[in-house]
1. Checking Val66 against (1) crowded, with 16+ Cβ neighbours inside 10 Å; (2) closer than 20 Å to Glu123 by Cα; (3) within 15 Å of ligand 1 (Cβ to nearest atom), which test does it fail?
2. Out of the range 73-101, which residues are open to solvent by less than 80 Å² (accessible area, probe 1.4 Å) and either of a type in the set (Phe, Trp, Tyr) or in contact (Cβ under 8 Å) with a residue 60 or more places away in the chain (or both)?
3. Quick check on this structure: which one of Thr40, Thr36 is touching a helix residue (DSSP H, G or I) at 6+ places or on another chain (Cβ under 7 Å), among the hydroxyl-bearing types (Ser, Thr, Tyr), closer than 17 Å to Ala128 by Cβ and in contact (Cβ under 8 Å) with a residue 40 or more places away in the chain?
4. Restricted to the range 17-40, and to residues that are of a type in the set (A, V, I, L, M, F, W, C) and in contact with a Pro (Cβ under 7 Å, 6 or more places away or on another chain), which residue is nearest to Pro105 (Cα to Cα)?
5. Identify, please: which residue in the range 102-112 is of a type outside the set (A, V, I, L, M) and in contact (Cβ under 8 Å) with a residue 40 or more places away in the chain and is, among those, surrounded by the most Cβ atoms within 10 Å (Cβ to Cβ)?
6. Quick one: is His39 within 11 Å of ligand 2 (Cβ to nearest atom), under 17 Å from His102 (Cα atoms) and at pLDDT 95 or above?
7. Go through the range 1-24 and count every residue that is within 9 Å of ligand 1 (Cβ to nearest atom), open to solvent by 50 Å² or more (accessible area, probe 1.4 Å), in contact with a helix residue (DSSP H, G or I) (Cβ under 8 Å, 6 or more places away or on another chain) and in contact (Cβ under 8 Å) with a residue 40 or more places away in the chain.
8. Which of the residues spanning the range 25-48 are in contact with a Lys or Arg (Cβ under 8 Å, 6 or more places away or on another chain), more than 21 Å from Phe114 (Cβ to Cβ) and either of a type in the set (Val, Ile, Thr) or open to solvent by 40 Å² or more (accessible area, probe 1.4 Å) (or both)?
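The values are calculated or read from the model by the stated rules, or taken from the named source; none is laboratory data. What you see is a predicted model, and the numbers here were worked out from it, not measured in a lab. Note: ideal-geometry Cβ built from the backbone for every residue, glycine included; neighbour counts use all protein chains shown. The accessibility values were calculated without ligands, DNA or RNA, using every heavy atom of the protein model including side chains. Shrake-Rupley method; radii C 1.70, N 1.55, O 1.52, S 1.80 Å.
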Amino acid sequence: MKNDCIFCAIAAGEIPSFKVYEDDLVLAYLDINPFTKGHTLVIPKAHSAGLLDTGDDVLAAVVARVKKVAAHLKAALPCDGFNILQNNGEAAGQTVKHIHFHIIPRYAGEPLTFESKPGDMAELAALADRISG
Ligand code: AMP
Ligand code: ZN
């Protein structure tokens, strides 16, 4: 665990999150500034900064979980498609230096934008309950 890392604190349960999936290695939770309804982040619990700092075994396991969570979101929301986004470095828009994969659900007829909006906390809580339940 890295001391000043907000995603390590979430993985350790020190900061609350709108959890949608968890196992020994990985945690998935709703993004608090979603691009779309159900925007989810998937992280390894162990800290590494980005793709190039993460071991192949951890990456393989995390990507397998990204697939599992995406399948679950597609069925539970339901959504019509989804984007996977993984930013590396400030120039690429990475704001949290703990590797994470974005799953961005897409809905037919909605514009394909990559703009975030502050989420409504009550709505996020209800959505996380519905998706994880
Ligand atoms: P990135 O720009 O790829 O580094 O994405 C970081 C994402 O983390 C952003 O979309 C933020 O909205 C999201 N984020 C930051 N803090 C939290 C938090 N406490 N819980 C959930 N998502 C967060
Ligand atoms: Zn971390």
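1. The single condition Val66 does not satisfy is (2).
2. Scanning the range 73-101 gives Val96, His98, His100, Phe101.
3. Going through Thr40, Thr36 in turn, just one is touching a helix residue (DSSP H, G or I) at 6+ places or on another chain (Cβ under 7 Å), among the hydroxyl-bearing types (Ser, Thr, Tyr), closer than 17 Å to Ala128 by Cβ and in contact (Cβ under 8 Å) with a residue 40 or more places away in the chain: Thr40.
4. Among residues in the range 17-40 that are of a type in the set (A, V, I, L, M, F, W, C) and in contact with a Pro (Cβ under 7 Å, 6 or more places away or on another chain), the one nearest to Pro105 (Cα to Cα) is Val26.
5. Pro105
6. Answer is no for this residue.
7. Count: 0.
8. Once the filter is applied, which keeps residues that are in contact with a Lys or Arg (Cβ under 8 Å, 6 or more places away or on another chain), more than 21 Å from Phe114 (Cβ to Cβ) and either of a type in the set (Val, Ile, Thr) or open to solvent by 40 Å² or more (accessible area, probe 1.4 Å) (or both), the range 25-48 yields Leu25, Val26, His47.
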